[in-house]
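Participant: Before I ask anything, let me first share the structure, which is written out below as structure tokens.
The values are calculated or read from the model by the stated rules, or taken from the named source; none is laboratory data. The model shown is predicted, which means the values in this text are computed figures rather than measured ones. Glycine gets a Cβ as well: all are built from the backbone with ideal geometry, and neighbour counts include every protein chain shown.
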Amino acid sequence: MAFGFFKNIIQKFTGKPVDWDELEEMLIRADLGVPMTMKILKALQERQNVTANDVVEVAREEIQKVLPLDNPPLRPFPAKPKVILMVGVNGTGKTTSTAKLAWYLKSKRHTVMLAAADTFRAAAIEQLGVWAERIGVEMIKGQYNADPAALCYDAYASADRKNVEFLICDTAGRLHTKHNLMAELNKVKRIFAKHDEQAPHEVWIVVDATTGSNALQQAREFHQAIGLTGVIVTKLDGSGKGGTVIAIQNELGLPTRFIGTGEKLEQLEPFDGRKFLEQLL
Ligand code: GDP
């Protein structure tokens, strides 16, 4: 949803009857997803003489019903290390978000270790290594093509030994087939249970807000295959399309935990439902 999206609706429909087809198209184009669009239209159709202000009011009410307003970005697990598994297709900003998250946690005085578990892309290992050095956190890496599950197992042991609070694992976004990728990610996910039954404590998918319905589809596929606990939505600075946050929450019940608002380390923010809603207005 383009920020300021509601303003567009007001401009479009002020002083004239609401054109239902046009409104439906606007809501779909804002990446809210078909079910959320239908919810809004249905609630509106229960009103008489619908005005532009009614549209905004109802859309806001319906979005507020599904969007958690006071969710903490990190759930309070007592475990140490807490493991965050970062998944998602290449190009969404997964490696950058992994680095940004390490930076964010470090700035909150937590100790962090990174695991470069995308062992199929030498460039990804290198890229994360550069970030790790800049941030000043340790990164565990293996040989190119090493078994990512074994690497994660070792990384956990190392984080545990060093009393590190957070272990963030960057994983592969692409293998020869989607089936292979999901099997590999499931293997990585299961390996942690040998150390701690509750680990990984979080499995977050990174999606690119500018890809709209593709982002929703990726979240759906990863959630079905490996089970997710949250989402990081990147590139909200670009086109400013945020409807995908609402569609993923509405259709998959997955909360957005952080948002990416630029390429720099500090451009990752905990998701704030209230602020997000305000920005839509
Ligand atoms: P990966 O393949 O998913 O690991 O993606 P990368 O982390 O390499 O990121 C792909 C590109 O997206 C890079 O050029 C990043 O700088 C850029 N990027 C990542 N997050 C954001 C964001 O929040 N905003 C913007 N504008 N660019 C981003």
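Results for (1) in contact with a helix residue (DSSP H, G or I) (Cβ under 8 Å, 6 or more places away or on another chain); (2) modelled with pLDDT of 95 or more, shown as yes or no for each residue.
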| position | (1), (2) |
| --- | --- |
| Asn71 | yes, no |
| Leu74 | no, no |
| Pro81 | yes, yes |
| Ile84 | yes, yes |
| Thr95 | yes, yes |
| Ala102 | yes, yes |
| Asp118 | yes, no |
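Participant: Find the residue count for the range 237-253, including only residues that are free of Cβ contacts under 8 Å to residues at least 40 places away in the same chain and either hydrophobic (A, V, I, L, M, F, W, C) or within 13 Å of the ligand (Cβ to nearest atom) (or both).
Facilitator: 3
Participant: Could you figure out which of (1) surrounded by 13 or more Cβ atoms within 10 Å (Cβ to Cβ); (2) assigned to a loop (DSSP other than H, G, I, E, B) isn't true of Pro76?
Facilitator: Of (1) surrounded by 13 or more Cβ atoms within 10 Å (Cβ to Cβ); (2) assigned to a loop (DSSP other than H, G, I, E, B), only one is false for Pro76: (1).
Participant: Further, regarding this structure: Can you give me the number of residues within the range 236-248 that are within 21 Å of Gly33 (Cβ to Cβ) and surrounded by fewer than 22 Cβ atoms within 10 Å (Cβ to Cβ)? Give the derivation first.
Facilitator: Just the residues of the range 236-248 that are within 21 Å of Gly33 (Cβ to Cβ), to begin with: 236, 238-248.
Still in the running and surrounded by fewer than 22 Cβ atoms within 10 Å (Cβ to Cβ): 238-240.
Going through the range 236-248 one residue at a time, the tally reaches 3.
Participant: Further question: Count, please, the residues in the range 79-88 that happen to be more than 7 Å from the ligand (Cβ to nearest atom) and either within 11 Å of the chain's Cα centre (by Cα) or surrounded by fewer than 24 Cβ atoms within 10 Å (Cβ to Cβ) (or both).
Facilitator: The qualifying residues number 4.
Participant: While we're looking at this one, here's another question. On the phi > 0 side of the Ramachandran plot and in the same structural domain as Cys169 (by TED's automatic domain parsing) - does that describe any residue in the range 95-103?
Facilitator: no
Participant: Only one of (1) modelled with pLDDT of 95 or more; (2) touching a strand residue (DSSP E or B) at 6+ places or on another chain (Cβ under 6 Å); (3) closer than 27 Å to Tyr144 by Cβ is not met by Trp131, so which one is it?
Facilitator: It is condition (2) that Trp131 fails.
Participant: Looking at Ala157, Ala102, Ala124, can you tell me which residue is more than 19 Å from Arg257 (Cα to Cα), within 16 Å of the ligand (Cβ to nearest atom) and part of a helix (DSSP H, G or I)? Outline the logic, then answer.
Facilitator: Values: Ala157 fails: within 16 Å of the ligand (Cβ to nearest atom); Ala102 fails: more than 19 Å from Arg257 (Cα to Cα).
So the residue among Ala157, Ala102, Ala124 that is more than 19 Å from Arg257 (Cα to Cα), within 16 Å of the ligand (Cβ to nearest atom) and part of a helix (DSSP H, G or I) is Ala124.
Participant: Ok, one more. Hey, any hits in the range 178-186 for a residue that's among the small types (Gly, Ala, Ser), over 24 Å from Asn145 (Cα atoms) and more than 16 Å from the ligand (Cβ to nearest atom)?
Facilitator: So far as the range 178-186 goes, no, none of its residues is among the small types (Gly, Ala, Ser), over 24 Å from Asn145 (Cα atoms) and more than 16 Å from the ligand (Cβ to nearest atom).
Participant: When you go through (1) modelled with pLDDT under 90; (2) more than 16 Å from the ligand (Cβ to nearest atom); (3) in contact with a Gly (Cβ under 7 Å, 6 or more places away or on another chain) one by one for Ala2, which number turns out not to apply?
Facilitator: For Ala2, the failing item is (2).
Participant: Got a number for residues in the range 174-211 being buried (at least 22 other Cβ atoms within 10 Å of the Cβ) and not in a helix (DSSP H, G or I)?
Facilitator: Number satisfying all stated conditions: 8.
Participant: What about Gly142, is it surrounded by fewer than 24 Cβ atoms within 10 Å (Cβ to Cβ) and small (Gly, Ala, Ser)?
Facilitator: yes
Participant: Follow-up question, since we're still on this one. Hey, can you tell me all the residues within the range 26-43 that are aliphatic (A, V, I, L, M) and either closer than 16 Å to Phe5 by Cβ or not in a helix (DSSP H, G or I) (or both)?
Facilitator: Within the range 26-43, Met26, Leu27, Ile28, Ala30, Leu32, Met36, Ile40, Leu41 meet the criteria.
Participant: Follow-up question, since we're still on this one. Restricting to the range 12-25, count the residues that are in a helix (DSSP H, G or I) and modelled with pLDDT of 90 or more.
Facilitator: Residues of the range 12-25 that are in a helix (DSSP H, G or I), as a first pass: 12-13, 20-25.
After this cut, where a residue has to be modelled with pLDDT of 90 or more as well, the list is 20-25.
Of the residues in that region, 6 qualify.
Participant: Inspect all residues belonging to the range 216-228 and state whether any of them is on the phi > 0 side of the Ramachandran plot and of a type outside the set (Val, Ile, Thr). Working first, answer last.
Facilitator: First pass over the range 216-228, keeping only residues on the phi > 0 side of the Ramachandran plot: 227.
Keeping just the survivors that are of a type outside the set (Val, Ile, Thr) gives 227.
The answer is yes, given that some residue of the range 216-228 is on the phi > 0 side of the Ramachandran plot and of a type outside the set (Val, Ile, Thr).
Participant: With (1) buried (at least 20 other Cβ atoms within 10 Å of the Cβ); (2) more than 16 Å from the ligand (Cβ to nearest atom) as the list, and Ala225 as the residue in question, which single condition is left unmet?
Facilitator: Every listed condition holds for Ala225 apart from (1).
Participant: So, one more: For the range 1-36, which residues satisfy the criterion of being of a type in the set (Asp, Glu) and either in contact (Cβ under 8 Å) with a residue 60 or more places away in the chain or in contact with a Pro (Cβ under 6 Å, 6 or more places away or on another chain) (or both)?
Facilitator: Within the range 1-36, just Asp31 meets the criteria.
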